[in-house]
Amino acid sequence: MFDLSSIGIAYGSLLMLFMLIVLLLTGMQLAFATGLVALTFALGWFGPQALPLVSSRMYSFVGSYVFLAVPMFVLMAALLDHSGIARDLFDAMNRLGRKVRGGVAVQTLLVAVILASMSGVIGGETVLLGLLALPQMLRLRYHRRLAIGVTCAGGALGTMLPPSIVLIIYGLTANVSIGDLFKGAFAPALILAALYIAYVLIAARMRPHWAPLPSDNADNAPDLEPQAATPNLAKALVFPILTVAVVLGSIYTGVASITEASALGVVGIAISALIRGELNRTMLKQSCVTTLRSCGMIIWIGIGATALVGVYNLMGGIDFVRETILSFSGSDGLTTILLMMAILLVLGMFLDWVGVALLTMPIFVPIVVELGYNPIWFGVVFCMNMQVSFLSPPFGPAAFYLKSVAPKDISLGEIFISLLPFIGLQLIALALLIAFPQLALWWA
């Protein structure tokens, strides 16, 4: 067998990157591409004796107790998606936004915040808002790009708002408190949502034709009267607010761990659906299948990425990357952070966030700690960076989720163009978070 160690860590790193890119270009899934590269370099660099070390790292990843929170929160999102709780929430809050110019778009963002605080998974939220909010705004003759951007960007807020799955994976990878990450991400997430709302209100004021009131277009107003078309406001809000209070309240007060709180959330949503008469065998089956598919993807990517990072660490790659990054940025910590952000932004345009987190955080976090930065703050910064990746072309997943339910005359290109102002707002929020770390550390 060819001895890969003879080429040195610099050329070995380039060869590893080249092999990974070639495999991805062939259409191979990231999980299997990373696993194959890891296996090749483990055998070629160390020989068969390295395989038990690699397998032990993989086992430690999937065997983590905190990882149980991931399927629980995904199941919460699936139950919400298949019940009428989220739909009633949107319909009820629609009554609050009908008399304000741009109000329907604003209440769409408010519903997105509540839904994100209940599940932490963006796929279901984006699809749900695409089915509920987008047709409503288009019928009221909202500017197409404003309606599309609000729907897609709002649906992606689950990336930042606790209980974000992105934060959980970062916490597992960086070995930091997920509860502290949730506390740190809360204020920046609300700031991002506030930027979205401010943009909508300013755009509606400057260009009234972008967000006409229902009274401006009586022929395009919803067919039913608000009182008949929507459920009781208090009744529609009680289940979502109770769920958010139980999940986040139990975490922030220390009553329950992340895993326990996620289980409480599932029970809460299930009881809510049961009271509403929506809990049945078909709904449970669909929710469980959705959860298995999502978690299977996360686990397989995690196994492959963990194996690859483990092999690369044994090769001395972590030290090589650290020295390379520091050689470019010198001793300036801010320059190093900005360089990392640039790398993450580029990777986020082409790779799934799970792969980005598991491939880069074991390398970046030790550098961040060595430079004297708080890893909790960096986790929130990373999460905000991944928020950008969810909307960024060419592979922004939120755009593809919306395209799957959008009217046929809305192209993927139009969705990405509509998202450009919101990507700009995300970059502003990212800059604020880097410039003012206390936004994420206010609770400390």
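Have a look at Ala156, Ala189, Ala211 and point out the one that is crowded, with 20+ Cβ neighbours inside 10 Å and touching an Asp or Glu at 6+ places or on another chain (Cβ under 9 Å).
Of Ala156, Ala189, Ala211, the one residue that is crowded, with 20+ Cβ neighbours inside 10 Å and touching an Asp or Glu at 6+ places or on another chain (Cβ under 9 Å) is Ala156.
Return the residues of segment 264-308 that are closer than 21 Å to Ala69 by Cα and open to solvent by 70 Å² or more (accessible area, probe 1.4 Å); say none if nothing qualifies.
Of everything in segment 264-308, those that are closer than 21 Å to Ala69 by Cα and open to solvent by 70 Å² or more (accessible area, probe 1.4 Å) turn out to be Leu264, Val267, Ile271, Leu284, Lys285, Gln286, Leu292, Arg293, Met297, Trp300.
Scanning for something open to solvent by 50 Å² or more (accessible area, probe 1.4 Å), under 16 Å from Ser5 (Cα atoms) and touching a residue at least 60 places away in the same chain (Cβ under 8 Å), does segment 309-324 turn up at least one residue?
Yes, segment 309-324 has at least one match.
Take Phe378 and decide whether it is assigned to a helix (DSSP H, G or I), within 30 Å of Ala245 (Cα to Cα), modelled with pLDDT of 85 or more and open to solvent by less than 30 Å² (accessible area, probe 1.4 Å).
yes
Residues that are at positive phi, open to solvent by less than 50 Å² (accessible area, probe 1.4 Å), assigned to a loop (DSSP other than H, G, I, E, B) and not hydrophobic (A, V, I, L, M, F, W, C): does segment 39-47 have at least one?
Looking through segment 39-47, at least one residue is at positive phi, open to solvent by less than 50 Å² (accessible area, probe 1.4 Å), assigned to a loop (DSSP other than H, G, I, E, B) and not hydrophobic (A, V, I, L, M, F, W, C).
Would you check if there is a residue in segment 353-366 being outside any helix (DSSP H, G or I), open to solvent by 40 Å² or more (accessible area, probe 1.4 Å) and at pLDDT below 95?
Checked segment 353-366: no residue is outside any helix (DSSP H, G or I), open to solvent by 40 Å² or more (accessible area, probe 1.4 Å) and at pLDDT below 95.
Pick from Ile325, Ile337: which is touching a helix residue (DSSP H, G or I) at 6+ places or on another chain (Cβ under 8 Å) and farther than 30 Å from Leu195 by Cα? Steps first, answer last, please.
Details: Ile337 fails: farther than 30 Å from Leu195 by Cα.
Sole residue among the options that is touching a helix residue (DSSP H, G or I) at 6+ places or on another chain (Cβ under 8 Å) and farther than 30 Å from Leu195 by Cα: Ile325.
Identify all residues within segment 335-352 that are assigned to a helix (DSSP H, G or I) and in contact (Cβ under 8 Å) with a residue 12 or more places away in the chain; write none if there are none.
Those that are assigned to a helix (DSSP H, G or I) and in contact (Cβ under 8 Å) with a residue 12 or more places away in the chain: Thr336, Ile337, Leu338, Leu339, Met340, Met341, Ile343, Leu344, Leu345, Leu347, Gly348.
In a helix (DSSP H, G or I) and open to solvent by less than 30 Å² (accessible area, probe 1.4 Å), is that true of Ala398?
On the way: in a helix (DSSP H, G or I): yes; open to solvent by less than 30 Å² (accessible area, probe 1.4 Å): yes.
For Ala398, the condition - in a helix (DSSP H, G or I) and open to solvent by less than 30 Å² (accessible area, probe 1.4 Å) - is met.
The values are calculated or read from the model by the stated rules, or taken from the named source; none is laboratory data. Please read all numbers here as calculations on a predicted model, not as lab measurements. We place every Cβ from the backbone using ideal geometry, glycine too, and count neighbours over all the protein chains shown. Note: areas computed on protein heavy atoms with side chains; ligands, DNA, RNA excluded. Shrake-Rupley method; radii C 1.70, N 1.55, O 1.52, S 1.80 Å.
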